[in-house]
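The values are calculated or read from the model by the stated rules, or taken from the named source; none is laboratory data. Just so you know, these numbers come straight off a predicted model, no measurement behind them. Methodologically, a virtual Cβ is constructed for each residue, glycine included, from the backbone with ideal geometry; neighbour enumeration extends over all protein chains shown.
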Amino acid sequence: MTTTAHPISGSIHIKFGSAGGFPADESTSLFGKITVTFDMKMLNDSFKNSNSINPDYKPAIGWGEVVAHEGAHMLDRFTFGNPVNRSGARRTETNAFDTQSFVPKATNRYSFWGLWNPSWAEADRETFRQNAVKDQAQKDVDLNWGKKKWAYMIRSLVLCLIILGPAMAADGPAVVDLCKVLATPAKYAGTEITVHATIQSSMHGTYLSQGGCDEVLFMALPAEIPNRKGGPEVERDSNFKAFERARSDYRPEAPKFTASFTGELQYAKHGKAFGYYGRNKTRLVVYKVSEVDQQPKR
């Protein structure tokens, strides 16, 4: 995807192009320049899929929500800088989702993130809105920063003790338990693997989870990786289309989507990381989805 930049002022730039697996991403240079990148293909696909799931969801409202969300992050970066811990991330995510919620509230339209619903009883609307903001903010913090405060540090220490060695299958990608991948990601770095997992979609990316694992695995599609060259392309069959729809379903009551995901596990180099806050050392670039199982959330 072609990336173009549009300077708004001396320190703010808007870009359109791949955002690393997010609908939108922000970065701050050493000189204080903030760049906001919108992946229009990902956003348009997401809005289209969302509208097919629920006709009451209007793409224009979704676009407004994303812009309001990222705008709030931008203001927080000016004021507080980039978050460096869970409390800082919770503050900025709460501010962003709160700001975002006023778009559907002002128009009395359905928010696909569950932040506003015209059918809510008048007396309960504000309470439900505030609770939805808190829930979405907490979900994003847990996905990006881990549920355990020391999980990231412990994992980094464990990685230093691992003897590197790729796990390969003789006749194709190795099928690996997700918890094992998360515990020893360097062992599988640069190899093609298949994991069976449940997706967790959020404003800031799609993650793969499995019961019994404390952490999640960040995933992206090949077309969502900036400046990516070569490698397998996505197998766009019925399983992948089902995944696209599920990935765009941010509703709290969205059905649970579990499948097998095949792709290349990437391991960030020293000083680098993936994810919206740069907290993920690994990323699975998925090109095949199979063995789909979608169940109503209980």
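Data table
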{"read-out": "Hits in region 185-204 - residues which are at pLDDT 95 or above and closer than 17 Å to R247 by Cβ", "value": "V195, H196, A197, T198, I199"}
{"read-out": "Selection status of G190, part of a loop (DSSP other than H, G, I, E, B) and under 15 Å from A259 (Cα atoms)", "value": "no"}
{"read-out": "Unmet criterion (only one of (1) touching a strand residue (DSSP E or B) at 6+ places or on another chain (Cβ under 7 Å); (2) over 21 Å from G146 (Cα atoms)) for P226", "value": "(1)"}
{"read-out": "Residue count for region 22-57, restricted to those that are touching an Asp or Glu at 6+ places or on another chain (Cβ under 9 Å) and of a type in the set (D, E, K, R)", "value": "5"}
{"read-out": "Selection from region 91-112 of residues that are assigned to a loop (DSSP other than H, G, I, E, B) and either in the same structural domain as R279 (by TED's automatic domain parsing) or in contact with a Pro (Cβ under 6 Å, 6 or more places away or on another chain) (or both)", "value": "N108, S111"}
{"read-out": "Residue ID - modelled with the highest pLDDT, chosen from residues in region 64-90 that are assigned to a loop (DSSP other than H, G, I, E, B) and touching a Lys or Arg at 6+ places or on another chain (Cβ under 9 Å)", "value": "N85"}
{"read-out": "Scan of region 77-106 for residues that are among the hydroxyl-bearing types (S, T, Y) and exposed (fewer than 15 other Cβ atoms within 10 Å of the Cβ), ordered by number", "value": "T79, S87"}
{"read-out": "Conditions (1) at pLDDT below 95; (2) part of a loop (DSSP other than H, G, I, E, B); (3) buried (at least 18 other Cβ atoms within 10 Å of the Cβ); (4) not β-branched (V, I, T); number of the one not met by K148", "value": "(3)"}
{"read-out": "Unique match (being within 30 Å of R251 (Cβ to Cβ), in the same structural domain as F257 (by TED's automatic domain parsing) and modelled with pLDDT of 95 or more) among L178, L182, L115", "value": "L178"}
{"read-out": "Test: residue in region 250-260 that is more than 24 Å from E93 (Cα to Cα), out of contact with any strand residue (DSSP E or B) (no Cβ under 6 Å at 6 or more places or on another chain) and of a type in the set (K, R)", "value": "no"}
{"read-out": "Residues that are in a strand (DSSP E or B) and among the aromatic types (F, W, Y), drawn from region 242-298", "value": "F257, F261, Y267, F274, Y287"}
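So that you can scan it fast, the table gives a plain yes or no per residue for (1) farther than 30 Å from G263 by Cα; (2) buried (at least 19 other Cβ atoms within 10 Å of the Cβ); (3) at pLDDT 95 or above; (4) in the same structural domain as Q200 (by TED's automatic domain parsing):
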residue	(1), (2), (3), (4)
A123	yes, no, yes, no
F128	yes, no, yes, no
N131	yes, no, yes, no
Q138	no, no, no, no
S156	no, no, no, yes
L161	no, no, no, yes
G165	no, no, no, yes
M168	no, no, no, yes
